Amino acid sequence: MVSMRKFIAPFLLLLLVVVVFHSWFLPGLLSTFDFPYFSPLMIKGADVIPYAWGYHVGLDGFAKFMSPYSWIMPLINIPQVIFGRLGMDWLFIERVMYLYPFLILMIVSPILLIRYIFPKNNFYLLSVLIFSFNTYALMLAGGEIFLALSYALAPMILIIFIKIINGIKYAARL
C-alpha cells in the first residue's frame, strides 16, 4: 500500500500534463505565427546557412523582417536539414525537437532545482505545478517556443550559477 502512494502524485502530474497539452500528443499541425509551419518544399530547400533571399526568412515577425543571420536561425534550420534529409515532415520535427523537449524540461528542471536546494524536501512535485502550469509558462507554450525552451532551462541554469558561486566561495577560502 505504501509503494502505491509513491506513484499517485507522479501519475496525477502526468495526467495533468496530458490533459493540458493534449493537442501535442494528437496528430495534426501545431503552428502559430511565432512558430511557423514549414512545408515539405521549404524543408527540402533548407540549408544550415540560410540564404538571404530564401523563403525561410522575411515577413516573419520582427518588424516584417527577420535577419537570416539571427541567433535563432540555426535552431530552426539545423533540425530541418537533418530530419528533412531523412524524409521527415514538419509535424514530426516540431514535436521531437521543440515541443517534447520543452515538456520534459518543464517537469525535470524544477525538480532538479528543488532537490538541489532542499535535498530532504518531499514536495518536489509541487514545484513542477507552480513552475510549469502558471499562466506565463502556458502562454509561452502557445507559440513562443524558443523563449519557452529558455524558460524551461532557467532552473538548471540557476543550479549551475549556485554551483559556480559555491565554487568561488570554496576557492576563496583556500
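The values are calculated or read from the model by the stated rules, or taken from the named source; none is laboratory data. Note that the structure is a prediction, hence the values are computed from the model and not measured. Heads up, the Cβs are rebuilt from the backbone with ideal geometry, glycines too, and the neighbour counts pull from every protein chain shown. The area values use the complete protein model at the heavy-atom level, side chains included, leaving out ligands, DNA and RNA. Shrake-Rupley method; radii C 1.70, N 1.55, O 1.52, S 1.80 Å.
So the values come out like this:
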read-out	value
Region 28-48: number of residues that are open to solvent by 50 Å² or more (accessible area, probe 1.4 Å) and assigned to a helix (DSSP H, G or I)	3
Flag if Tyr100 is at pLDDT 70 or above, under 19 Å from Ile145 (Cα atoms) and open to solvent by 50 Å² or more (accessible area, probe 1.4 Å)	yes
For Tyr116: the one exception among (1) of a type in the set (Ser, Thr, Tyr); (2) modelled with pLDDT under 90; (3) open to solvent by 80 Å² or more (accessible area, probe 1.4 Å)	(2)
Residue in region 127-148 that is farthest from the chain's Cα centre (by Cα), counting only those that are within 25 Å of Lys163 (Cβ to Cβ) and among the β-branched types (Val, Ile, Thr)	Ile130
Number of the exception - Leu91 against (1) touching a Leu at 6+ places or on another chain (Cβ under 8 Å); (2) modelled with pLDDT under 70; (3) among the aliphatic types (A, V, I, L, M)	(2)
Test result for Phe123, among the aromatic types (Phe, Trp, Tyr), at pLDDT 90 or above and open to solvent by 70 Å² or more (accessible area, probe 1.4 Å)	no
First in region 108-126 and closer than 13 Å to Ile162 by Cβ, second anywhere and open to solvent by less than 60 Å² (accessible area, probe 1.4 Å) and assigned to a helix (DSSP H, G or I), Cβ under 6 Å, 6 or more apart	Leu113/Pro155; Leu113/Ile159; Ile114/Tyr124; Ile114/Ser127; Arg115/Tyr124; Tyr116/Ile159
Which listed residue is out of contact with any helix residue (DSSP H, G or I) (no Cβ under 6 Å at 6 or more places or on another chain) and either at pLDDT below 80 or crowded, with 16+ Cβ neighbours inside 10 Å (or both), from Phe25, Phe62	Phe62
